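Single-structure report; data block below.
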Amino acid sequence: MQHELLNNLNKPFLRWEYDKENNWLYLNWISFVTKDNLIKGADLVLEIIQKNHYAYILNDNRELCGPWDSSNDYLECNWISQMKEAGLQYFAHVLAPNVAGALSAQDLHRRANGIFNMQLFGDVEKAKQWLKSMQAQSYAI
């Protein structure tokens, strides 16, 4: 079942659902996301991970417009380590088609390095393949 968060114009900026077949949380960020909305969405994702202990996230930015790096200080200081503590192990991030969004993701990737395994992808199918390979490795252990 898909859920969504709305901005102050009553338009969705984040849609999410747990993909039971693939055993990961799917996040779809949409349109332009303000710093406040990104933090609101990130905090909601943290609550979901804390409650359910999901280890895998497919974070899709293909429909995202513009930069969001103004939120990365908050994410680094208040979110990344808490996501790891809640059970997140693998974070597949599908890059936005715009340079500003991709640079924001690269900055977050640098900040998450060593805390949880975050990989950047230009293609959603490659991101899915990577998550599946991480699951296969985890299950083999």
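We did not get these values from a lab; they are worked out from the coordinates using the rules stated. Bear in mind that the values here come from a model prediction, so they are computed numbers and not experimental data. Here the Cβ positions follow ideal geometry from the backbone for every residue, glycine too, while neighbour counts run over all protein chains shown.
A few points about this structure:
- Selection from Trp130, Gln106, Trp29, by position along the positive dipole direction of the range 3-140 (Cβ): Trp130
- Alpha-carbon Rg/Rh ratio, for the range 20-118, with Rh computed the Kirkwood way: 0.93
- DSSP beta bridge pairing in the chain, given as percent antiparallel to the nearest 5: 35
- Lysines with Cα under 24 Å of Lys84, excluding same-chain neighbours fewer than 8 positions away: Lys20, Lys35, Lys40, Lys51, Lys126, Lys128, Lys132
- Size of the range 67-141: Rg and Dmax of its alpha carbons, in Å, are 13.0, 39.
- Contact order relative to length of the range 1-118, as percent, for alpha carbon pairs under 8 angstrom and 6 or more apart: 23
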